[in-house]
1. Residue under question is Leu518, and the condition is that it be within 23 Å of Lys128 (Cα to Cα), over 25 Å from the mean Cα position of the chain (by Cα) and either of a type outside the set (D, E, K, R) or modelled with pLDDT of 95 or more (or both); does it hold?
2. Give me the residue from the range 273-285 that is in a helix (DSSP H, G or I) and within 20 Å of the chain's Cα centre (by Cα) and, out of that set, surrounded by the most Cβ atoms within 10 Å (Cβ to Cβ).
3. Does the range 167-180 contain at least one residue that is touching a Phe, Trp or Tyr at 6+ places or on another chain (Cβ under 8 Å) and part of a loop (DSSP other than H, G, I, E, B)?
4. Go through the range 11-26 residue by residue and tally those that are farther than 17 Å from Asn273 by Cα and more than 16 Å from the ligand (Cβ to nearest atom).
5. So, in the range 409-426, of the ones that are under 15 Å from Leu468 (Cβ atoms) and touching a residue at least 40 places away in the same chain (Cβ under 8 Å), which residue ends up surrounded by the most Cβ atoms within 10 Å (Cβ to Cβ)?
6. If we keep just the residues of the range 27-54 that are at pLDDT 50 or above and among the β-branched types (Val, Ile, Thr), which is farthest from the ligand (Cβ to nearest atom)?
7. What are the pairs, 6+ residues apart or on separate chains, where a residue within the range 24-36 that is touching a residue at least 60 places away in the same chain (Cβ under 8 Å) has its Cβ under 7 Å from a residue that is more than 6 Å from the ligand (Cβ to nearest atom) and among the aromatic types (Phe, Trp, Tyr)?
8. In the range 232-272, what residues are within 16 Å of the ligand (Cβ to nearest atom) and not in a helix (DSSP H, G or I)?
Amino acid sequence: MSSELQAELQTAVERRRNFAIISHPDAGKTTLTEKLLLYGGAIHEAGSVKARRAQRHATSDWMAMEQQRGISITSTVLQFAYRSCQINLLDTPGHQDFSEDTYRTLAAADNAVMLIDAAKGLEPQTRKLFEVCRMRSLPIFTFINKLDRPGQSPLELMDEIEKELGMQTYAVNYPIGMGDRFKGVFDRGTRKIHLFERSEHGKREAVNTVIDVGDPDIETLLEQDLYYQFKDELEMIEELGSELDLDAVHAGEMTPIFFGSAMTNFGVELFLNSFLDYALKPGIHESTQGEISPTHPDFSGFVFKLQANMDPKHRDRVAFVRVCSGKFEKDMTVSHARSGKTVRLSRPQKLFAQDREVIEEAYPGDVIGLNNPGVFAIGDTIYSGQKLEYEGIPCFSPEMFAFLRNPNPSKFKQFRKGVSELREEGAVQIMYSADEAKRDPILAAVGQLQFEVVQFRLQNEYGVETLLDHLPYTVARWVDGGWDALHKVGRIFNTLVVKDSWERPVLLFRNEWNCQQLEGDHPELKLNKIAPVVS
Ligand code: GDP
């Protein structure tokens, strides 16, 4: 390969950091994102998150649904520059709009930032997303937010993470006081205290007043009791806690912890600086050709998300591709591994909410949006040069189930086509009862929104009105060894046996307890939360 291209790829990879934020609703993800962009001087104005919230132009029927509900279904990528780095923030949809896309986005991320509300500690959605990060061994950086409000003690919060998530913690900085008496944070690297000052809602970059631990006025500045409490706690974590071990961080075994207050913009810059130093750069990806380095001269990437109808003028779909190796150039021709077809990648897009901007080039760690005339499915690999395929994206354990009924027999064809296309696109998982007499598809989703999207789109795009019959199950498990393994066990109770789109058996349980009971009764039966990838 030309040494110029090699050098160009090397530089691009060195500069890139890619991450997704995992959090529970209301922890402050939108606020933190805004503050990060404030420091980053976002490359693209439309990336402004508030602006995105405020100006919801109805751009399609699809968007109309977003507008009605006041939520954002569209996951986007925000790209911004900071120091000499280019940062890609993969925006995970994460509220009432929780769906499988939230999980899939993590498949395209190199790092995760776990955002925690100091008053609430670990919350359910954070735990679920954490599990997916763990599965991929993603490095996790923790930002404990809302220190300007009363919350749990820093030691309690760290302890909770260690015990419940099984990760070691390393406090990169440590807070002094909290709530009305929040004084600032001590940065362990520089051994300086950054004083907290209440600015009017953190519109500007925070004023950064820094003092030495040896400052003669420290006891007055911090108030004596808080100062001594802080000294004690710091001594404790420095004596008993682990050292920062970047290998462990990169393996997802240790999480660096930062304290701050996104709303008042405090601690965000400290976080960003360390994050750039410690985060993983775009790395190697496993493929059918072995490990592929990002600086491999041939372009390759995989589809991690499909989005329909973002633009009413083109009733098309956009495939989001994570670039894994080589350089992407507009109008390049690539091969599509699954079909063996050649595809010209014209009109590639960077995606910022509803705005589209054509991109000329992209590098490993970047995400591009491609028009998808029905070619791409979730998990597909595209490449130039030697044929390769990346491991697909797994099916995540759904938690809600419903029969989808078509009450109008004359719409049978459209119904079938719609269900099949929406499944392929990854809008929802489709299962069928093992009982042949029950032929209606079962929608299996991780969030309620997925049901609504499917019904809405079947009506709008395929002209089929449908009915939902909710099923009382909340837990799904794939059976290792398939039907043979299941049949060996004989009759089982408190379970509905269904099959997924690849005819594999899946057991549905009303609750975790029923599932554990079966596992207890039949230890030989191996049950998986996540479906093996179909290749
Ligand atoms: P998201 O649901 O995770 O995107 O959370 P938002 O960013 O919308 O924040 C939820 C609420 O928490 C909003 O009312 C924010 O103003 C508030 N909030 C976010 N960060 C902070 C913070 O650092 N301190 C305080 N006091 N409130 C915050």
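1. Working: within 23 Å of Lys128 (Cα to Cα): yes; over 25 Å from the mean Cα position of the chain (by Cα): yes; either of a type outside the set (D, E, K, R) or modelled with pLDDT of 95 or more (or both): yes.
Taking the combined requirement at face value, the residue satisfies it.
2. First, pick out the residues of the range 273-285 that are in a helix (DSSP H, G or I): 273-278.
Now narrow it down to the ones that are within 20 Å of the chain's Cα centre (by Cα): 275-276, 278.
Values: Phe275: 23, Leu276: 15, Tyr278: 18.
Ranking the qualifying residues of the range 273-285, first place goes to Phe275.
3. yes
4. Total satisfying the criteria: 3.
5. Within the range 409-426, the match that is surrounded by the most Cβ atoms within 10 Å (Cβ to Cβ) is Phe415.
6. Filtering the range 27-54 for residues at pLDDT 50 or above gives 27-42.
Restricting the remaining residues to those that are among the β-branched types (Val, Ile, Thr) gives 30-31, 33.
Working: Thr30: 3, Thr31: 3, Thr33: 8 Å.
Top of the filtered list is Thr33.
7. Once the first residue is touching a residue at least 60 places away in the same chain (Cβ under 8 Å) and sits in the range 24-36, its partners that are more than 6 Å from the ligand (Cβ to nearest atom) and among the aromatic types (Phe, Trp, Tyr) give Leu32/Phe143.
8. Of everything in the range 232-272, those that are within 16 Å of the ligand (Cβ to nearest atom) and not in a helix (DSSP H, G or I) turn out to be Ile257, Phe258, Phe259, Gly260, Ser261, Ala262, Met263, Thr264, Asn265, Phe266, Gly267.
The values are calculated or read from the model by the stated rules, or taken from the named source; none is laboratory data. Given the structure is predicted, the values throughout are model-derived calculations rather than measurements. Cβ atoms come from the backbone with ideal geometry, glycine included; neighbour counts cover every protein chain shown.
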